[in-house]
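Bear in mind these aren't lab numbers, they're just calculated from the coordinates by the rules spelled out. Quick caveat: nothing in here was measured; it's all calculated off a predicted structure. Cβ: placed from backbone, ideal geometry, glycine included. Neighbour counts: every protein chain shown.
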Amino acid sequence: MTVKIGVISLGCVKNRIDTEEMLAQLQDEYEFVQDMQDADIMLINTCAFISDAKEESINTILEAEQQKKFGKLKGIIVTGCLPERYHERLKQMVPRVDAFLGTAAYKEIRRAIESVVEGSRFDSYPDKAIDESFSRRVLTTVPPTAYVKIAEGCDNCCSYCVIPSIRGKYQSRKPEYILEEIASLARDGYNEIILIAQDTTGYGKDLNEEINLAKLMDRAAEIPGVKWLRVLYSYPNGITDELLEVMCRHDNIVKYLDIPIQHTDDEILQKMHRRNTSKLLDDIVQKIRDASEDFIIRSTVIVGFPGEKRENVIHLYQDLKKYQFDRLGVFSYSQEEGTPAAEMEGQIDEEEKEFRRDSVLNTQSSISLDRNQARVDKTYEVLVEGYDEHSGLYYGRSYAEAPDVDGKIFVKTKEALEEGKYYPVKITMAYSYDCMGELIK
């Protein structure tokens, strides 16, 4: 009788790729089911980046434990960041879990399942050295969009962040493996390729060859079948003239930059152990705007960092109005044990952090509205992703929207549109996050 595996992948898209690689190792011998109640074994790939992510991961595991106690579920396997970070503490917290695999143990998922099926427990926390031999994936994204991880780990060591301790040092994949993966995806019809890493602009710094993000994208853009090549998670200091030149030279590299700046006040940036300064951010944003007026800039900031004063937040407001980012994610600081920031004086209470977060979001909302309204009467190529039954409208994204984190373009038409195809759409109305448009015949 075939063992049925339920799979839940939590957290970022980098986690998602790890899940896809585990699925590839299991697809020939096991049956995947969507409902936890139908599973014999539950595989939960967890996130432990901030408090909210940890809470979601723990709650998902606890739900699985209830299914194991009262339902048909026979085994639970927990993988990824949560076991990597907490090891024995997690085992004590969720005693009904049968196997724990760290962030580099995804290649051992078959052994883990075999052990659990036999009634044994299984733990694995191997060395985090990157393994290029495990690149097969069962894609969980909807065609034609696919993510490609170009590096693992992080060396930036920001004072608030646990990623280096969980994921290890920065390790770039070799360019030939990345380009081969992109070519294979393109042959299979995946024509929106999104390059990701904890810091994509650090790509190549650890390789013994002349390669960096700009050169990698230059070569990737030449691969037949790649219509949109997108890059996310770029450290501000890594936005070089060479990178901008490559992005502007290739029509199929979308002019979209995701640059997490985290703050703009030098006092806070220094406490965060960020390498960028307020002056450097000024220069980078201006350089991007000068390179092409078509560039979309997305960023993220953290408010409520230890020692942050109201005047630091006012400085942030002023800079956001100056930079005019198209998109912005705003996070309340999460006090993570084991990080330098967690031990700093001047910790701010949750109510004040949420107040500052809401204030920054309100500031950005009006900026995003202005940026979107400037798109009215312009025509964009839109990738249709689905149909909304409630409104009777199709929805999708242009080059200016990254999946999952940005808004949608809703399309008014009487024609039947095909999901996964591209259509010309004229923007007719704009809101802070979404836009309305009509199909151009």
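Figures for the structure shown
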| quantity | calculated |
| --- | --- |
| Ala374/Ile314 FRET efficiency (R0 22 Å; Cβ-Cβ; nearest 0.05) | 0.25 |
| Relative contact order %, the chain, counting alpha carbon pairs below 8 Å whose residues are six or more apart | 9 percent |
| Table column - 3J(HN,Hα) (Hz), the stretch 230-237, Karplus curve with 6.51, -1.76, 1.60, x for Gly and Pro | 10, 10, 10, 6, 9, 5, x, 5 |
| Label-point gap, in nm, between Lys279 and Asp52 - each point 7 angstrom along Cα→Cβ | 3.5 nm |
| Span per principal axis, largest first, for the Cα atoms of the stretch 301-431 (Å) | 60, 31, 24 |
| Longest to shortest principal axis, alpha-carbon extents of the stretch 379-439, angstrom | 26, 23, 21 |
| Taking Val117, Val313, Val142 and counting other C-beta atoms within 10 Å, the order from fewest to most | Val142, Val117, Val313 |
| Rg [Å, one decimal], Dmax [Å, integer] - the stretch 145-373, C-alpha atoms | 18.3, 54 |
| Cα shape, the stretch 100-175, gyration tensor, a/c 1.5 rule | oblate |
| Burial ordering of Arg274, Arg111, fewest other beta-carbon atoms within 10 Å first | Arg111, Arg274 |
| Low-density loop positions, GluC sites (Glu not before Pro), the stretch 264-334 - DSSP coil, at most 11 other Cβ in 10 Å | Glu293 |
| Length gained when the stretch Val405-Tyr125 is fully extended (0.36 nm per residue, less Cα-Cα span) | 97.7 nm |
| Prolate/oblate/rounded call for the stretch 126-209, Cα gyration tensor, a/c under 1.5 rounded | prolate |
| Filter on Lys91/Lys353; Lys174/Lys215; Lys227/Lys421 - keep pairs with C-alpha separation over 23 Å | Lys91/Lys353 |
| Relative contact order computed over the stretch 117-234 (Cα-Cα under 8 Å; 6+ residues apart), in percent | 27 percent |
| ³J(HN,Hα) computed for each position of the stretch 58-67 - Karplus, 6.51 cos²θ - 1.76 cosθ + 1.60, integer Hz, glycine/proline x | 4, 4, 5, 5, 4, 4, 5, 4, 5, 5 |
| Pairwise FRET efficiency - Asp35 versus Lys414, Cβ, R0 = 35 Å, nearest 0.05 | 0.45 |
| Prolate/oblate/rounded label for the stretch 4-124 (Cα gyration tensor, a/c 1.5) | rounded |
| Kirkwood-based Rg to Rh ratio, the stretch 143-185, C-alpha trace | 1.12 |
| In sequence order, calculated HN-Hα J values of the stretch 294-300 (Karplus, 6.51, -1.76, 1.60; Hz; x Gly/Pro) | 7, 5, 9, 10, 10, 9, 9 |
| Calculated FRET efficiency for the pair Glu267/Glu222, C-beta based, R₀ 45 Å, to 0.05 | 0.50 |
| 31 Å tail of the calculated P(r), the chain, as % of Cα pairs | 46 percent |
